[in-house]
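Visitor: If you scroll down you'll find the structure; I have some questions about it.
The values are calculated or read from the model by the stated rules, or taken from the named source; none is laboratory data. From a predicted model like this one, the values you see are computed outputs, not experimental measurements. Cβ sites come from the backbone with ideal geometry, for glycine too, and all protein chains shown count toward neighbours. Surface areas here come from the heavy atoms of the whole protein model, side chains and all, with no ligands, DNA or RNA. Shrake-Rupley method; radii C 1.70, N 1.55, O 1.52, S 1.80 Å.
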Amino acid sequence: MKVEFAPLNIPLARRLQTAAVLHWVLSFLLLAQVCLGIIVLLIIHNYWFLYIPYLTWLYFDWQTPEQGGRRSDWIRSWTIWRYFKDYFPIKLIKTWDLDPSHNYIFGFHPHGVLVAGAFGNFCTNYSDFKELFPGFTAYLHVLPFWFRCPFFREYLMSYGPVSVSKKSVSHVLHKEGGGNISVIVLGGAEESLDAHPGKFTLFICQRKGFVKMALINGAYLVPVFSFGENELFKQISNPEGSWLRTVQEKLQKIMGFALPLFHARGIFQYNFGLMPYRKPIHTVVGRPIRVSQTLHPTPEQIEELHQTYMEELRKLFEEHKGKYGIAEHETLTFR
């Protein structure tokens, strides 16, 4: 195999973009384990004057990820995130005006491997979110597992993510006067195992909890499709029924998150590594679906709204796929 190396005279901006994305990748792959290792070492070596105050504070702060989190505009405004956005680049596209007197649920699709589009658009201050949707605050909901990691949880919350638990979603959508947006990556960990370039498989047929939450809280539903999300990495082939897929699915049920075996380019060469490919990401926000508050929705009401949501999501994909290089015959597969 011929190794293709990066040229030596790379502009400074591209080097900074690469460094920013490397920081992001390593943060999600290694930082949680490092933070967990630190707390274990402190306990083993009995540095009680360090870990006792932190664990005490952690006990009282445990519910924060379900109560709106603790974002930091200073950290969200780090220059590194501007370079992160420009690496791909990531762009947010609005197709419809939203009324800030309502709360909304953005259903984000697809999951991809590391959900780069959701992070870049809703967890940094360098996206066009504030200009496109003035008067709104977006909360990206992620697996509760990440908030159980000491130290790492503080780092993660500083960007704005909150737990994806029902209590957390309800907290966001209960804001009086509107203006809050719950961003939920509906395919979840299971969908990440199907995040292959050129594939458009969405795990949504059995995902109806978000519809029930929308009805209970009277939150409008908005489909969001992030074109290019599945093009950032390649995965080792893991078709349904293969031994690898079986192991991945079993681990996902045990741990709550998936372990896709992915690769892309390297830092100094383009053939193999964990750096995502430089592929543009266009996150398109669709038309809102009006939802009337129903405190005790019936299964029939949930099913009807779920079908409406899937129809709007498919319509959004069909209307915009041609703009982003997707062949006319390609369509979404709902599972």
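Visitor: How large is the charge dipole for segment 283-335, taken about the Cα centre, if only the Cβ atoms of Lys, Arg (+1) and Asp, Glu (-1) carry charge, to the nearest 20 debye? Let's see the in-between values first.
Guide: Details: 7 positive and 9 negative charges, 47 e Å.
Using Cβ point charges on Lys, Arg, Asp and Glu, segment 283-335 gives about 220 debye.
Visitor: Please compute the net charge surrounding THR64, taking Lys and Arg as +1 and Asp and Glu as -1 over other residues with Cβ under 13 Å from its Cβ. The partial results should precede the final answer.
Guide: Details: positive: ARG70, ARG71, ARG148, ARG153, LYS167; negative: ASP61, GLU66, GLU154.
With Lys, Arg at +1 and Asp, Glu at -1, the neighbours total +2.
Visitor: Taking a cut-off of 26 Å between Cα atoms, list the lysines near LYS323, but don't count ones fewer than 8 places away on the same chain.
Guide: LYS85, LYS91, LYS94, LYS130, LYS199, LYS234, LYS279, LYS315
Visitor: Right, something else. Whats the longest run of the chain with zero GluC sites (Glu not before Pro) that are DSSP loop and have at most 12 other Cβ atoms within 10 Å? Walk me through the numbers on the way to the answer.
Guide: Numbers: sites that count: GLU4, GLU176, GLU240, GLU328.
The longest such stretch corresponds to 5-175.
Visitor: Please give, to one decimal in nm, the separation of the simple spin-label points placed at ASN46 and GLU300, each 7 Å out from Cα toward the Cβ.
Guide: Label-label distance for ASN46 and GLU300, simple model: 6.8 nm.
Visitor: So what is the accessible area of the chain per residue, in Å², with the probe set to 1.4 Å? Working shown, then result.
Guide: Values: 16390 Å² over 335 residues.
Ligands and nucleic acids excluded, the result is 49 Å² per residue.
Visitor: On to the next question. Could you give the length gained by full extension between THR79 and THR56, i.e. 0.36 nm per residue of separation minus their alpha carbon distance, to one decimal place?
Guide: Numbers: separation 23, 0.36 × 23 = 8.28 nm, distance 3.35 nm.
Roughly 4.9 nm would be gained on extension.
Visitor: Percent of accessible area on the chain owned by carbon and sulfur, 1.4 Å probe? Present the calculation step by step, with values, prior to reporting the outcome.
Guide: On the way: 10030 of 16390 Å².
So the carbon and sulfur contribution to the accessible surface is 61 percent.
Visitor: Let me ask you something else. If you wrap segment 10-58's Cα atoms in a convex hull and average its projection over all directions, what's the area in nm²?
Guide: Numbers: hull surface 19.4 nm².
It is 4.9 nm².
Visitor: Using the Karplus equation 6.51 cos²θ - 1.76 cosθ + 1.60 (θ = phi - 60°), what ³J(HN,Hα) coupling, rounded to whole Hz, does each residue of segment 101-110 give in order, writing x for Gly and Pro?
Guide: Listing the rounded values in order: 7, 10, 9, 9, 10, 8, x, 8, 9, x Hz.
Visitor: Which entry is the computed Cα extents along the principal axes in Å for this structure: [x] 70, 48, 37; [y] 57, 41, 40; [z] 54, 54, 44?
Guide: [z]
Visitor: For segment 177-186, just list the computed ³J(HN,Hα) in residue order, Karplus coefficients 6.51, -1.76 and 1.60, θ = phi - 60°, integers in Hz, with x standing in for Gly and Pro.
Guide: Values per residue, Gly and Pro as x: x, x, x, 10, 10, 8, 9, 10, 7, 5 Hz.
Visitor: With a cut-off of 8 Å between alpha carbons and a minimum separation of six or more residues, what is the relative contact order of the chain in percent?
Guide: Values: 596 pairs, mean separation 75.7, N = 335.
Computed value for the chain: 23 percent relative contact order.
Visitor: With the chain treated as a Gaussian network of Cα nodes joined by springs under 10 Å, which of VAL34, VAL162, VAL222 yields the largest mean-square fluctuation?
Guide: VAL34
Visitor: Just from its helices, what would the mean residue ellipticity at 222 nm be for the chain, if runs of 4 or more DSSP H residues each count -39500 (n - 2.57) and the sum is divided by every residue, rounded to the nearest 500 deg cm²/dmol?
Guide: Details: 13 runs with 129 residues, N = 335.
Rounded to the nearest 500, it is -11500 deg cm²/dmol.
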